[in-house]
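Participant: Have a look at this one.
The values are calculated or read from the model by the stated rules, or taken from the named source; none is laboratory data. Note that the structure is predicted; figures quoted are calculated from it, not measured. A quick note on method: Cβ atoms are made from the backbone with ideal geometry, for glycine too, and the neighbour counts reach across all protein chains shown.
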Amino acid sequence: MKKLLLSVTLFAGLLVTGSLKAQTSTTAPDPANAPVMKFETDTINYGTLPHNADGYRYFKFTNVGKQPLIITEAHGSCGCTVPTPPTEPIGPGQSSQIKVHYATDRVGAFTKTVTVTSNAVPGTKVLVIKGTILPDPTPAPGSTPATTPATTAPAGK
């Protein structure tokens with residue numbers, strides 16, 4: 001009987017402790033005072049670039065909110081797209097940029113995204129890069145140009 005009473009008491013204590021902890025958790029930030037990221041553009045068109053051209057571009061933005069803006073994460077949709085966000089908080093009214101590198105050794109048209117997570121409202125922003133990379137005009141060392149086999153007419157006809 002004592003073990004049962006002890007078990008019930010411990011269980012009740014855990015419930016009360018969990019309930020109190022839930023009440024003291026942090027509340028969501030006030031959207032009226034939250035930071036807001038305003039981008040000059042949310043799409044960058046690289047246009048048509050030669051193979052291995054400069055793949056760096058910059059998404060410029062301003063914090064038009066009332067609190068400091070903190071970017072917690074920025075990631076590309078694939079390994080060929082690498083964003084570098086600012087690491088310091090951006091104060092209200094201040095501007096900054098997110099540097100994005102696209103690997104221009106890949107040939108053809110591309111459309112990729114960069115997802116930015118921050119304490120701004122809204123908390124997630126998706127940016128787009130797109131363009132076309134031309135083929136490398138010089139053959140790789142050690143390769144030979146493709147040849148077409150010669151055709152011969154059938155003998156005797």
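Participant: In region 31-79, how many are within 16 Å of the chain's Cα centre (by Cα) and among the aliphatic types (A, V, I, L, M)?
Facilitator: 5
Participant: Can you give me the number of residues within region 16-53 that are of a type in the set (Asp, Glu) and at pLDDT below 95?
Facilitator: First, pick out the residues of region 16-53 that are of a type in the set (Asp, Glu): 30, 40, 42.
This time we only want the ones that are at pLDDT below 95, so: 30.
Within region 16-53, residues that are of a type in the set (Asp, Glu) and at pLDDT below 95 number 1.
Participant: Is at least one residue of region 1-8 at pLDDT below 95 and assigned to a loop (DSSP other than H, G, I, E, B)?
Facilitator: Scanning region 1-8, I find at least one residue that is at pLDDT below 95 and assigned to a loop (DSSP other than H, G, I, E, B), so the answer is yes.
Participant: Restricting the search to region 52-69, which residues are assigned to a loop (DSSP other than H, G, I, E, B) and surrounded by fewer than 17 Cβ atoms within 10 Å (Cβ to Cβ)?
Facilitator: The first filter runs over region 52-69 and keeps only residues assigned to a loop (DSSP other than H, G, I, E, B), leaving 52-55, 64-68.
Matches in region 52-69: Asn52, Ala53, Asp54, Val64, Lys66, Pro68.
Participant: Within region 28-50, count every residue that is surrounded by 13 or more Cβ atoms within 10 Å (Cβ to Cβ) and out of contact with any strand residue (DSSP E or B) (no Cβ under 6 Å at 6 or more places or on another chain).
Facilitator: Within region 28-50, residues that are surrounded by 13 or more Cβ atoms within 10 Å (Cβ to Cβ) and out of contact with any strand residue (DSSP E or B) (no Cβ under 6 Å at 6 or more places or on another chain) number 3.
Participant: Go through region 70-79 and give me each residue that's among the hydrophobic types (A, V, I, L, M, F, W, C), at pLDDT 95 or above and assigned to a loop (DSSP other than H, G, I, E, B). Steps first, please.
Facilitator: Step one: of region 70-79, the residues among the hydrophobic types (A, V, I, L, M, F, W, C) are 70-71, 74, 78.
After this cut, where a residue has to be at pLDDT 95 or above as well, the list is 70-71, 74.
Within region 70-79, just Ile70 meets the criteria.
Participant: Check region 127-139 and report whether any residue there is at pLDDT 95 or above, over 18 Å from Gly47 (Cα atoms) and surrounded by 13 or more Cβ atoms within 10 Å (Cβ to Cβ).
Facilitator: Looking for residues that are at pLDDT 95 or above, over 18 Å from Gly47 (Cα atoms) and surrounded by 13 or more Cβ atoms within 10 Å (Cβ to Cβ), one finds none in region 127-139, hence no.
Participant: Does Val107 meet the test of being surrounded by 15 or more Cβ atoms within 10 Å (Cβ to Cβ) and of a type outside the set (Gly, Ala, Ser)?
Facilitator: The answer is no for Val107.
Participant: A further question follows. Quick one: in region 80-100, of everything that is under 17 Å from Leu127 (Cβ atoms) and part of a loop (DSSP other than H, G, I, E, B), which residue is nearest to the chain's Cα centre (by Cα)?
Facilitator: Pro85
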